[in-house]
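Worksheet: the structure to be examined is printed underneath.
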Amino acid sequence: MKILLVEDEPKVSAFIRRGLEEEGFEVEVAYDGRFGRQLALAHAYDLIILDVILPYFSGLEVLEALRAQDQETPVLMLTALGTTQDKLQGFGGGADDYLVKPFDFPELVARVRALTRRRGQQAKGAVLTFEDLTLDTAAKIVTRAGQPVKLTAREFGLLELLMRHPGRVLSRAELAADVWEDSFDAGSNVVDVYINYLRNKVDKAFPQKLIHTVVGMGYVLRVQE
């Protein structure tokens, strides 16, 4: 996944770039709106993270230029401008998400993953496959070795997220942010409970286990070692 970060504060851009690269993303940085607009219009990105207050062109002007060219690249506005009017202006200009500074980095990562996952879903189609496990996102059907697996909506959401990132360890916070969104209680063990439900339905009847715990880090979908 390739991300364009348009941010004029060097310390902030370096922090974000380093953190996202550690999460496996490729990040290109523009330090002003003019260069950011040039890159955004000339290259294909999976996501653009865009500050609003920038030299030469504002983030809103960059966004306007993108949408005027019918570019549908997801845009996350990341700015200190946090009033309701600011947010309405961003969304009205075609932004897909809006995060106010200062921010918690795990929340930024969760939002980035959600936006790039939606982008990936459009590109990859509706059917996900890993080993003998298949998930049809449109028909909401899951099979393992050809056998139907009946899942609740939450279980389906968790499995879909794991299948979109095979081999990547997803933290409880990332899983919760995507599947439970605002209804998640950070003090609960609901993610662990639902992962256990998934294991009983997806792995229990099969010798090859696919859903694994990485102690202290989270969960991952991979072939058993």
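For a quick check of your reading of the model, give me the residue pairs whose first member lies in the range 138-165 and is open to solvent by less than 60 Å² (accessible area, probe 1.4 Å), whose second is of a type outside the set (A, V, I, L, M, F, W, C) and in a strand (DSSP E or B), with beta-carbon atoms closer than 6 Å and at least 6 apart or on different chains.
Filtered contacts from the range 138-165: THR143/THR134.
Out of the residues in the range 36-49 meeting the condition of being surrounded by 16 or more Cβ atoms within 10 Å (Cβ to Cβ) and either acidic (Asp, Glu) or out of contact with any Ser or Thr (no Cβ under 8 Å at 6 or more places or on another chain) (or both), tell me which one is modelled with the lowest pLDDT.
Looking at the filtered set, the residue picked out is ASP46.
Would you pick out the residues in the range 68-92 that are under 21 Å from the mean Cα position of the chain (by Cα) and either open to solvent by less than 90 Å² (accessible area, probe 1.4 Å) or over 22 Å from ARG117 (Cβ atoms) (or both)?
GLN71, THR73, PRO74, VAL75, LEU76, MET77, LEU78, THR79, LYS87, GLY90
So which pairs qualify, if the first residue must be in the range 202-225 and assigned to a loop (DSSP other than H, G, I, E, B), the second must be among the basic types (Lys, Arg), the Cβ gap must be under 6 Å, and the two must be at least 6 apart or on different chains?
Pairs found: ASP203/LYS209; GLN224/LYS209.
Determine the pairs where a residue that is under 12 Å from VAL75 (Cβ atoms), located within the range 34-51, has a partner that is of a type in the set (Lys, Arg) and open to solvent by 10 Å² or more (accessible area, probe 1.4 Å) with Cβ atoms under 9 Å apart, the partner being 6 or more residues away or on another chain.
Sorted first by the residue in the range 34-51, then by its partner, the pairs are TYR45/LYS2; ASP46/LYS2; ASP46/ARG119; LEU47/LYS2; LEU47/ARG119; ASP51/LYS101.
Is it the case, given these coordinates, that LEU60 is of a type outside the set (Gly, Ala, Ser), more than 25 Å from LEU175 (Cβ to Cβ), in contact with a strand residue (DSSP E or B) (Cβ under 9 Å, 6 or more places away or on another chain) and buried (at least 19 other Cβ atoms within 10 Å of the Cβ)?
Taking the combined requirement at face value, the residue satisfies it.
The values are calculated or read from the model by the stated rules, or taken from the named source; none is laboratory data. Here the structure is a predicted model, which is why all the values come from computation and not from measurement. Ideal geometry is used to build each Cβ from the backbone, glycine not excepted, and the neighbour counts take in all protein chains shown. Accessible surface areas use protein heavy atoms only, side chains included; no ligands, DNA or RNA. Shrake-Rupley method; radii C 1.70, N 1.55, O 1.52, S 1.80 Å.
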